[in-house]
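This report concerns only the one structure given below.
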Amino acid sequence: MGSILIHHLPSAWHVDQAILHHQEEVVVIRFGRDHDANCMLMDEMLAKVAPRVESFAAIYVVDIDKVREFNGMYELWDPCTVMFFWRNKLMLCDFGTGNNNKLNFHVGDKQELIDIIETVYRGAKKGHGLVVSPKDYSSKYNY
């Protein structure tokens with residue numbers, strides 16, 4: 001249900017234009033398959049936080065089966081991937097997982113996701129290309 005509330009980007013050109021257009025906002029793009037359960041959960045969460053972050057972030061979704069141009073470039077092999085862009089540059093965020101390029105796990109709390117987006121925004125405004133997530137997710141899947 002969440003993905004219908006978020007603007008879909010139907011082509012690589014639209015993705016590029018979204019990234020280029022927003023100069024004072026973080027562009028948050030969920031890459032994945034619209035029918036995937038993980039993506040549905042993430043879309044629902046993104047739709048919930050969208051009104052709270054609209055002053056500093058623009059949120060979009062891209063179906064990687066329809067827009068394949070970025071799959072190799074950004075190594076989009078996970079079922080659901082969220083990436084952050086600032087002024088046409090990929091923003092890196094250290095989640096403690098070893099992969100700083102993207103968020104490829106489900107964030108279960110609305111406030112956590114808002115905090116991540118806000119951290120990326122604040123770091124980007126200061127000129128940082130890499131920010132540290134407000135929470136360390138390295139032990140999330142500890143057994």
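Annotations
- When Asp78, Asp65, Asp34 are checked against the criterion of being over 16 Å from the mean Cα position of the chain (by Cα), acidic (Asp, Glu) and closer than 22 Å to His106 by Cα, a single residue qualifies: Asp65.
- Number of the exception - Arg87 against (1) surrounded by fewer than 19 Cβ atoms within 10 Å (Cβ to Cβ); (2) basic (Lys, Arg); (3) under 11 Å from the mean Cα position of the chain (by Cα): (3)
- Within the stretch 51-66, considering residues that are of a type in the set (Asp, Glu) and in a loop (DSSP other than H, G, I, E, B), the one nearest to Leu113 (Cα to Cα): Glu54
- Qualifying residue in the stretch 113-124 (condition: of a type in the set (Gly, Ala, Ser), over 22 Å from Val62 (Cβ atoms) and surrounded by fewer than 16 Cβ atoms within 10 Å (Cβ to Cβ)): no
- Residue check for Glu75: of a type in the set (Asp, Glu) and at pLDDT 95 or above: no
- Filtered by the rule that a residue be of a type in the set (Val, Ile, Thr) and under 18 Å from Val120 (Cα atoms), the stretch 6-42 gives Ile19, Val26, Val27, Val28, Ile29.
Residue by residue, here is whether (1) charged (D, E, K, R); (2) part of a strand (DSSP E or B); (3) at pLDDT below 95 holds:
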site: Arg68; (1), (2), (3): yes, no, yes
site: Asn71; (1), (2), (3): no, no, yes
site: Gly98; (1), (2), (3): no, no, yes
site: Asn101; (1), (2), (3): no, no, yes
site: Thr119; (1), (2), (3): no, no, no
site: Ala124; (1), (2), (3): no, no, no
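- Pairs meeting the criteria (first residue in the stretch 128-141 and farther than 14 Å from Val107 by Cβ, second residue exposed (fewer than 14 other Cβ atoms within 10 Å of the Cβ) and modelled with pLDDT of 85 or more, beta carbons under 9 Å, at least 6 apart or on different chains) are His128/Arg122; Gly129/Lys89; Val131/Arg122.
Here is a yes/no grid of residues against (1) part of a loop (DSSP other than H, G, I, E, B); (2) modelled with pLDDT of 95 or more; (3) of a type outside the set (Lys, Arg):
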| site | (1), (2), (3) |
| --- | --- |
| His14 | no, yes, yes |
| Gln17 | no, yes, yes |
| Gln23 | yes, no, yes |
| Arg30 | no, yes, no |
| His35 | yes, no, yes |
| Asn38 | no, no, yes |
| Leu41 | no, no, yes |
| Val49 | no, yes, yes |
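- When residues of the stretch 96-111 are limited to those that are more than 13 Å from the chain's Cα centre (by Cα) and surrounded by 13 or more Cβ atoms within 10 Å (Cβ to Cβ), the one nearest to Cys80 (Cα to Cα): Asn99
The values are calculated or read from the model by the stated rules, or taken from the named source; none is laboratory data. From a predicted model like this one, the values you see are computed outputs, not experimental measurements. Neighbour counts run over all protein chains shown; Cβ positions are idealised from the backbone, glycine included.
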